[in-house]
1. Of the residues Gly51, Gly57, which is touching a Ser or Thr at 6+ places or on another chain (Cβ under 6 Å), farther than 16 Å from Gln147 by Cα and open to solvent by less than 50 Å² (accessible area, probe 1.4 Å)?
2. Which of the residues spanning the stretch 22-74 are aliphatic (A, V, I, L, M), within 23 Å of Leu139 (Cα to Cα) and within 16 Å of the ligand (Cβ to nearest atom)?
3. Only one of these is away from the ligand (no atom under 16 Å from the Cβ) and among the small types (Gly, Ala, Ser): Ala285, Ala252. Name it.
4. Within the stretch 158-240, which strands (runs of 3 or more DSSP E) (wholly inside it) include 1 or more residues that are modelled with pLDDT of 95 or more, touching a Gly at 6+ places or on another chain (Cβ under 6 Å) and more than 16 Å from the ligand (Cβ to nearest atom)?
5. Here are some conditions: (1) over 24 Å from Thr30 (Cα atoms); (2) buried (at least 19 other Cβ atoms within 10 Å of the Cβ); (3) not aliphatic (A, V, I, L, M). Gly183 meets all but one. Which one does it not meet?
6. Scan the stretch 75-95 for residues that are within 13 Å of the ligand (Cβ to nearest atom), open to solvent by 30 Å² or more (accessible area, probe 1.4 Å), part of a loop (DSSP other than H, G, I, E, B) and under 15 Å from Lys124 (Cα atoms) and report the count.
7. Mind checking which pairs have a first residue in the stretch 236-255 that is acidic (Asp, Glu) and a second that is within 11 Å of the ligand (Cβ to nearest atom) and open to solvent by 10 Å² or more (accessible area, probe 1.4 Å), Cβ under 8 Å, 6 or more apart or different chains?
8. Among residues belonging to the stretch 148-157 that are of a type outside the set (A, V, I, L, M, F, W, C) and open to solvent by less than 50 Å² (accessible area, probe 1.4 Å), point out the one that is nearest to the ligand (Cβ to nearest atom).
Amino acid sequence: PSVSLEDNIVTARLPSGDSCQVYLYGATVTSWKTSDNNERLFLSSAAALDGSKPIRGGIPIVFPVFGPPPKDHATGQLPQHGFARNSVWEYLGKSSSESMGTKADDSVKLDFGLGSSMLSEDMKKKWPHDFGLVYSVTLSKGKLEVQLHVQNKGDKAFDFQCLFHSYFTVKDISKTTVSGLEGASYVDKVRKAETFTEESSDIPITSETDRVYSTPSVPPIVVKEDGKDSLVCTRDALPDCTVWNGWQEKIAGMGDFEPKDAWKRYLCIEPGTVSSWTKLEAGDAWEGSAIFEAKL
Ligand code: BG6
């Protein structure tokens, strides 16, 4: 595999033609192309790429809180979705390994790190915990794996939530459905944050959708386009998944979301652990991951 770091962007390419691009700002994956040259991630053409605000599109990392932080919680002073997506991470290097039936050329793993000492003074004050994050992005043919390792390096326990806020490209949202969530409970932010049980085996996205599904048994989540599987998401230790499309009106109001009609061509499928807090005792570590597999 070829890997380069230029202008704070890490680019990796496999002999198969698969490639990905990761900004050190937020360790945000901004591009994932499969060997057919198909871009799998949606990135707004108005996304700020200069570090002035979180990148709109790709895979921003949400940590240590999802959504607006509850005011009475230890994360209460942090910005929406925490600080991981707008901190500058360190590139820790690449590795590729040979295993049964695979060659070292078949995949490449890129590691990124963020620790308490790297946060801005403002963020350190707002969340004064000693932590270490290692984020690994593994590219292989037709697949992208993202894994977050969280370590509590301090002497007090802390609570966190985390989520991969992945924006995927779809050809036509009106022909896109999501399956694998039947029977899951979900909080519907569009309907007064009430809780419902998903009855559909194949959920059509026909209006603004902003739901946090909780699926303790982590079944694969499948995005279908025109009835055919286009993306399969499998998860480890990430029991929740947000499904978000802001639809025409919300997107019209988002300054960094362009082109304005692109709500028709993206869907966020966001695996994470966000419906409750994960408590990490002093000295302990936690790991969660998701694999996205391109099917079409
Ligand atoms: C989703 C949330 O995960 O992110 C939505 O469920 C939110 O409610 C969306 O609008 C975008 O958030 P932000 O902070 O990137 O504008």
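The values are calculated or read from the model by the stated rules, or taken from the named source; none is laboratory data. Because the structure is predicted, anything quoted here is derived from the model rather than measured. Quick reminder, even Gly has a Cβ in these numbers, built from the backbone with ideal geometry, and neighbours come from all protein chains shown. These area figures cover heavy atoms from the full protein model, side chains too; ligands, DNA and RNA do not enter into them. Shrake-Rupley method; radii C 1.70, N 1.55, O 1.52, S 1.80 Å.
1. Exactly one residue qualifies, and that residue is Gly57.
2. Residues of the stretch 22-74 aliphatic (A, V, I, L, M): 22, 24, 27, 29, 41, 43, 46-49, 55, 59, 61-62, 65, 74.
Now restrict to residues that are within 23 Å of Leu139 (Cα to Cα): 22, 24, 27, 29, 41, 43, 49, 55, 59, 61-62.
Selection gives Ala27, Val29, Leu41, Leu43, Leu49, Ile55, Ile59, Ile61, Val62.
3. Exactly one residue qualifies, and that residue is Ala285.
4. Passing ranges, in order: 221-225.
5. (2)
6. 1
7. From the stretch 236-255, the pairs are Asp240/Val212; Asp240/Val274; Glu249/Glu208.
8. Residues of the stretch 148-157 that are of a type outside the set (A, V, I, L, M, F, W, C), as a first pass: 149, 151-156.
Of the ones still in play, those that are also open to solvent by less than 50 Å² (accessible area, probe 1.4 Å) are 152, 154.
Details: Asn152: 25, Gly154: 27 Å.
This residue is Asn152.
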